[in-house]
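Report on one structure; see the data block that follows.
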Amino acid sequence: MRSAQSVSAKIEQFKDKVLDGLNSFYGCDRGAILINFGLALIPLVGMVGLGIDTGRGYIVKTRLSQALDAAALAAAPYADDTTKLQATFEKYFDANFPEEFMGANITLATPVIENNGTTVTVSASAIVDTTLMQVLGQDSMSVSATAEVTRVISPLDVVISIDTTGSMGSSDGTGTRLSSAKIAANVLVDKLFGADTESDDLQVALVPWSAAVNVAYRGIDYDDALNDQIGGLWYTNNSPVPFRTEPDSDWQGCAYARYTDNGTDDDADHLLYDADVGGVTWDSWDPMPRRVVYPGNGYLYTVRCPDWGISPLTGTKATTTAAINELDDPEGTTTIAQGLVWAWRTLMPGVPFDEANTDSDVNRAIVIMTDGMNTSSFRDAYRGDLNTSEMDDRLSAVAAQAKATGIDIYVVEYHVETNLMKSVASLTTAPYYFHADNAADLEAAFDKIGSELSELRVSK
């Protein structure tokens, strides 16, 4: 019994000694500060790392958002061509987000096209390695950003004025100059309409021209039995243009310019509406007969009136593309002033052509394309009364008047480059003026104009 009690007492004594020793250890402050600091250092480093790495993540996210905005704005005009859209998106993103930036590992999502091609959404994510946060077991963090671009046309009226003179039948290596112009014009129309076939806030018209302009409505045959005299002026069944005299039974649709070669400043060929100039009242036009007399020999010659009338402003894409695709067999001399002035009259509200949008915030533009310089002919809209220098002056007068009404004029010269046409454009450089040497350049010019006319904004 004593032996058992002795063993038990010794165990209790040893236990008490161990407890006393531990208490003494815990109570001793020599070296304890180092242990306590070590224990506290880990969360302290983690908290500091959280701030530093969060800041790095914010910088990456900000740069990511900026790069997405820039890339989306550049790519959105190609919403109708997903391959080109993707390539443009990646190109501009890479230019604005360098590969080595903050060591971020970037993943780009495929752009999303919605709302009939008018909205493009792009997004990207980035994995960023952490620094001090690694002591908490956080080796990396992810950030992401999104940008949405909405294509806005609010509202817009555009007239495409195309040269259909004889030189447009020349070969340009891929076809004729006119066939290339038709392809380029369709590129512009496609860019403007996007995936839409109808639009309430976009209208496009086509005005073909050469020595004169056919002022009849496209696709409506002339019937002289339906000619009507109202208020002393003559009207036909296929044109809203009033004439001073009744057109002949074989009238082809062209009109002479409101110009008289009398040496007096009393002309209205460069004016939009009816006008009183120098004591002369201009409220109508003279119909151009089918044949005119050549002063040199007294013989009759057929006038060079385009076969195609004006396709007025419309929000139906198919109507405009059909009018463009019909252009063929170009002929005639070059009277650019008439191509521009009738485009202007087609573009603006009021008679004779009155399809224009009348909203106060409407944007209006003329895109005029030519491959030549003014040439004088007894079979042109000025009856051959003007030499080429005088025709240039009439063109400059029209351009000045049109721009004074707020019209943006875009000029594309094909296989020719002149200071005159540069002055006709709203600015002498792109995107208002282009010189094209081949079909690819021509298409690129119309594509760029389409992008310019299609306003873009970052909506989110």
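Built from the Cα atoms of the chain, the convex hull projects on average onto 37.9 nm², one quarter of its surface area.
Over the chain, calculate the relative contact order: mean separation of alpha carbon pairs under 8 Å at least 6 apart, over the residue count, as a percent. Taking the mean separation of contacting Cα pairs over the length of the chain, I get 17 percent.
Rank-order 365-371, 241-247, 442-448, 288-294 by packing density, defined as the average count of other C-beta atoms within 10 Å over each peptide's residues, highest first. Intermediate results must be reported in sequence, preceding the final value.
Numbers: 365-371: 24.7, 241-247: 18.7, 442-448: 21.7, 288-294: 17.1.
The peptides rank, most packed first, as 365-371, 442-448, 241-247, 288-294.
Inter-part distance, region 75-103 to region 398-429, computed on C-alpha centroids, equals 33 Å. The C-alpha atoms of the chain define a longest principal axis, and helix 32-75 lies at about 10 degrees to it. Looking at the chain alone, DSSP beta bridges between its own residues are antiparallel in about 60 percent of cases.
Take the Cα gyration tensor of region 406-460, multiply each eigenvalue by 5, square-root it, and list the three semi-axes largest first, rounded to whole angstrom. Write out the running numbers ahead of the final one.
On the way: eigenvalues 103, 45, 8 Å².
Its equivalent ellipsoid spans semi-axes of 23, 15, 6 Å.
Near residue 255, the amide H atoms lying under 5 Å from its own belong to 213, 215, 288; only residues 5 or more places off or on other chains count, and H is placed 1.01 Å from N.
Counting Lys +1, Arg +1, Asp -1, Glu -1, what net charge surrounds residue 313 among other residues with beta carbon under 14 Å of its beta carbon? Net of charged neighbours comes to -3.
Once the other residues with Cβ under 15 Å from the Cβ of residue 419 are scored (Lys, Arg +1; Asp, Glu -1), what is the net sum?
Values: positive: 422; negative: 392, 393, 413, 417.
Net of charged neighbours comes to -3.
Could you state the angle between the C-alpha long axis of helix 2-27 and the longest principal axis of the C-alpha atoms of the chain, as a value from 0 to 90 degrees rounded to the nearest 10? So the inclination is approximately 40 degrees. Normalised by 2.2 N^0.38 Å, with N the number of residues, the alpha-carbon radius of gyration of region 141-230 equals 1.69. The modelled label-to-label distance between residue 405 and residue 87, using points 7 Å beyond Cα along the C-beta direction, is 4.1 nm. The largest-to-smallest principal axis extents of the Cα set in region 299-440 are 50, 33, 32 Å.
Placing a label point 7 Å from the Cα of residue 227 along the Cα-to-Cβ direction, the residues of region 255-281 whose backbone N falls under 16 Å of that point are 255-256.
A Förster distance of 22 Å, applied to the separation of the beta-carbon atoms of residue 393 and residue 170, puts the FRET efficiency at 0.20.
Within region 264-280, whose backbone N sits under 17 Å from a point 7 Å along Cα→Cβ of residue 385? Within reach of a label on residue 385, which here means backbone N under 17 Å from a point 7 Å along Cα→Cβ, region 264-280 contributes 264-271, 275-280.
Karplus-derived 3J(HN,Hα) values for region 405-422, using 6.51 cos²θ - 1.76 cosθ + 1.60 with θ = phi - 60°, are 8, x, 7, 8, 10, 10, 10, 10, 9, 10, 6, 8, 9, 10, 5, 4, 6, 5 Hz; glycine and proline are entered as x. Taken over the chain, lysine pairs spaced eight or more positions apart, or on distinct chains, with alpha carbons under 21 Å apart number 15.
Looking at region 232-363, the pairs of alpha carbons with a distance over 18 Å make up 64% of the total.
Just to verify a number: FRET efficiency for residue 139 and residue 115, C-beta to C-beta distance, R0 = 56 Å, to 0.05? Display every interim value, and only then the final one.
On the way: r = 41 Å, r/R0 = 0.73.
It comes to 0.85.
Coordinate-derived values only; no laboratory data. Remember, it's a predicted structure, so these values are computed and weren't measured experimentally. Don't worry about glycine lacking a Cβ; one is built from the backbone with ideal geometry, like all the others, and counts go over all protein chains shown.
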